[in-house]
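S.K.: The structure that follows is given in the form of structure tokens.
The values are calculated or read from the model by the stated rules, or taken from the named source; none is laboratory data. From a predicted model like this one, the values you see are computed outputs, not experimental measurements. With ideal geometry, Cβ positions are generated from the backbone for all residues, glycine too; neighbour counts draw on all protein chains shown.
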Amino acid sequence: MDPQRRGLEPAGLGARAVAVLIDGLVTFFVLGYLVSVATGRAQRSGGSISFNLSGTPALVWTVLSWGYWVVLEHVAGTTVGKRMFRLRVVGADGGKPTWRESATRNVLRLVDGIPFFVPYVVGFLIARADADGRRLGDRAAGTRVVAAAATRFSAVRRP
């Protein structure tokens, strides 16, 4: 067994699925609302708030949403949803993913998320067929999602 993989237990697909739903809610509602307020696209009516993003504000929201996963996984090894389920993303060396690893695994969410009316069917099927539960993005990046208790990230960042 590769020494970098020793003791790193793959995360369960159920916990990963709920974590991605939570992260989706964070990116959709929190980031969507913030972008809509900043661009004047938020409406308040009778105690409820709504927003409509199109054009440039939608592009800004898309970039920020993708950045949410890339930055948090690189810097902290986790996202809000993953943290709630004690999950971590590890890079090829067993530490936090590099910028490239994080960007690669997250740009492929577009493929893993197909079909969009029932998100992540492709990613789920690919992960089910992999011994480490890796979706396409993880395979391409050389990353894995593991139980957080099994990881001990060094305070020293690699280049």
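S.K.: Suppose we filter G81, G142 for residues that are under 30 Å from S36 (Cα atoms), at pLDDT 95 or above and among the small types (G, A, S); which single one remains?
M.R.: Only one candidate qualifies: G81.
S.K.: Please state which of the following conditions R135 fails to meet, knowing it meets all the rest: (1) within 13 Å of L13 (Cα to Cα); (2) out of contact with any Phe, Trp or Tyr (no Cβ under 8 Å at 6 or more places or on another chain); (3) not aromatic (F, W, Y).
M.R.: For R135, the exception is condition (2).
S.K.: Here's a check for you: in the stretch 110-126, which residue that is assigned to a helix (DSSP H, G or I) and touching a helix residue (DSSP H, G or I) at 6+ places or on another chain (Cβ under 6 Å) is nearest to V18 (Cα to Cα)?
M.R.: Ranking the candidates gives G123 first.
S.K.: Let me ask you something else. Could you tell me whether the stretch 6-13 includes any residue that is free of Cβ contacts under 8 Å to residues at least 12 places away in the same chain and either surrounded by fewer than 19 Cβ atoms within 10 Å (Cβ to Cβ) or not aromatic (F, W, Y) (or both)?
M.R.: Taking every residue of the stretch 6-13 in turn, at least one turns out to be free of Cβ contacts under 8 Å to residues at least 12 places away in the same chain and either surrounded by fewer than 19 Cβ atoms within 10 Å (Cβ to Cβ) or not aromatic (F, W, Y) (or both).
S.K.: Determine if the stretch 99-113 includes at least one residue that is under 30 Å from R41 (Cβ atoms), polar (S, T, N, Q) and out of contact with any Cys (no Cβ under 9 Å at 6 or more places or on another chain).
M.R.: yes
S.K.: Among (1) more than 20 Å from G12 (Cα to Cα); (2) assigned to a loop (DSSP other than H, G, I, E, B), where does F28 come up short?
M.R.: (2)
S.K.: Restricting attention to the stretch 25-57, and to residues there that are surrounded by 16 or more Cβ atoms within 10 Å (Cβ to Cβ) and of a type in the set (G, A, S), which single residue is nearest to the chain's Cα centre (by Cα)?
M.R.: So, considering only residues that are surrounded by 16 or more Cβ atoms within 10 Å (Cβ to Cβ) and of a type in the set (G, A, S), the one nearest to the chain's Cα centre (by Cα) is G32.
S.K.: What pairs come out if I take residues in the stretch 99-112 that are more than 13 Å from W66 (Cα to Cα) and pair them with residues that are basic (K, R) whose C-beta lies under 6 Å away, six or more apart or interchain?
M.R.: Pairs that qualify, where the first residue is more than 13 Å from W66 (Cα to Cα) and the partner is basic (K, R), are D112/R135.
S.K.: If you check V71 against the conditions, is it modelled with pLDDT of 95 or more and either assigned to a loop (DSSP other than H, G, I, E, B) or surrounded by 15 or more Cβ atoms within 10 Å (Cβ to Cβ) (or both)?
M.R.: yes
S.K.: Still on this structure: Tell me whether the stretch 81-98 contains one or more residues that are outside any helix (DSSP H, G or I), on the phi > 0 side of the Ramachandran plot and either surrounded by 14 or more Cβ atoms within 10 Å (Cβ to Cβ) or out of contact with any helix residue (DSSP H, G or I) (no Cβ under 6 Å at 6 or more places or on another chain) (or both).
M.R.: yes
S.K.: Mind listing just one residue for me: the one in the stretch 71-102 that is among the aliphatic types (A, V, I, L, M) and out of contact with any Pro (no Cβ under 9 Å at 6 or more places or on another chain) and, of those, nearest to L13 (Cα to Cα)?
M.R.: The qualifying residue nearest to L13 (Cα to Cα) is L87.
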